[in-house]
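> Right, I'll just put the structure down here and ask away after.
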Amino acid sequence: MTQVLLADDHQLLRQALRRAMEDAGLTVVGEAGDGEEAVRLAQTLRPDVVVMDVTMPVLDGVEATRRLHRALPDLPIVVLTMHGEAMLRREAIEAGAAGFLTKDSSMQDVIRVVLEAAGGDVALSPELASSILDEMRTPRPERPAASPLTKREEEVLQLIADGCSTTEVAKALFISGKTVKNHLASIYEKLDARDRTQAVLSAVRIGIVRLR
């Protein structure tokens, strides 16, 4: 059963999120009212995923995400915020967020992304792709002289850049989900990336894949 830590300084929103998640079969193992408490509880409770607000007292959600990602790099963090500005999305991505949702998202969308994040299967959302595009305004080569990736790894990463989940990549390439995850692990190592968003960002910068 997926275990979730909620971090938001608005108690009513936490209660609404808890009800929706418990109704969907998830377990809320803890609630934090500020970023510092979120970091402490995440390290103590070790949930499957953290839902993190941005604007919180003591320590904001982006910095809390950054600290948690350094301490627990395999812990998925879904940033949930009232603000959808490109700069904030970029900061959340760079801090290590696995997903980004605004608070006008439906509860069904929040639960879907939380479940995908917990399963390591978060697709690159249009918002994250848009943020990467914003980062890519400087000229870059059409293609590196020698790609560090194999042809199949490039195919996997291009599909990830196109917004496919692990399951969708597996179907498109007629391989198993485990094989896709193995390719992603190899890609992360070769590109010195922590997750698929950083891998796509690095690959776009050096011309291996394109955002279409």
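> Relative to a virtual label point 7 Å from the Cα of ARG46 in the Cα→beta-carbon direction, which members of the range 54-76 show backbone nitrogen distances below 16 Å?
71-76
> With a bin width of 5 angstrom, please list the P(r) values of the range 3-122 as percents of all Cα-Cα pairs, from the 0 bin to the one holding the largest distance.
2, 13, 26, 29, 21, 8, 1
> Place the peptides 195-203, 174-182, 3-11 in order of packing, highest mean first, counting for every residue the other Cβ atoms within 10 Å and averaging per peptide.
195-203, 3-11, 174-182
> Hey, another quick one. Go ahead and estimate [θ] at 222 nm for the chain from helices alone: -39,500 (n - 2.57) per DSSP H run with n ≥ 4, summed, over the residue count, rounded to 500.
Helices in the chain give a 222 nm mean residue ellipticity of -16000 deg cm²/dmol.
> Considering the Cα positions of the chain, please state its Rg to one decimal place and its Dmax as a whole number of Å.
Cα radius of gyration and Dmax of the chain are 17.1, 54 Å respectively.
> Next up: Taking H as built 1.01 Å from N, whose amide H comes closer than 5 Å to the amide H of LEU101, not counting residues under 5 places away?
VAL79, LEU80, THR81
> Next question, about the same structure. Apply the Karplus curve 6.51 cos²θ - 1.76 cosθ + 1.60, θ = phi - 60°, to the phi angles in the range 4-16 and return the couplings in whole Hz, x for Gly and Pro.
With coefficients 6.51, -1.76 and 1.60, one gets 10, 10, 9, 10, 7, 7, 9, 4, 5, 5, 4, 5, 5 Hz.
> Still on this model: Obtain the nm distance between the two label points defined at ALA172 and SER147 by a simple spin-label model: each point lies 7 Å from its Cα along the Cα-to-C-beta direction.
For the pair ALA172/SER147, the computed spacing is 1.3 nm.
> Work out the FRET efficiency for SER186 and ALA71 from their Cβ-Cβ distance, taking R0 = 22 Å, and round it to the nearest 0.05.
0.35
> How many nm separate the modelled label positions at ASP23 and ASP109, each set 7 Å beyond the Cα in the direction of the Cβ?
So the two model labels end up 1.8 nm from each other.
> Shifting gears a bit: Rank by packing, highest mean first: peptides 104-114, 49-59, with packing defined as the count of other Cβ atoms within 10 Å averaged across residues.
Descending packing order for the listed peptides: 49-59, 104-114.
> Let me ask something else about it. Which lysines, on any chain, are close to LYS190 with Cα under 26 Å apart, when same-chain ones fewer than 8 places away are left out?
Correct list for LYS190: LYS151, LYS171, LYS178, LYS181.
> Alpha carbon centre of the range 185-199 versus the range 23-102: separation in Å?
Their Cα centres are 21 Å away from one another.
Rule-based calculations on the coordinates, nothing more; no lab input. Small disclaimer: the values here were computed from a predicted structure and weren't measured. Note that each Cβ is placed from the backbone with ideal geometry, even for glycine, and that neighbours are counted across all protein chains shown.
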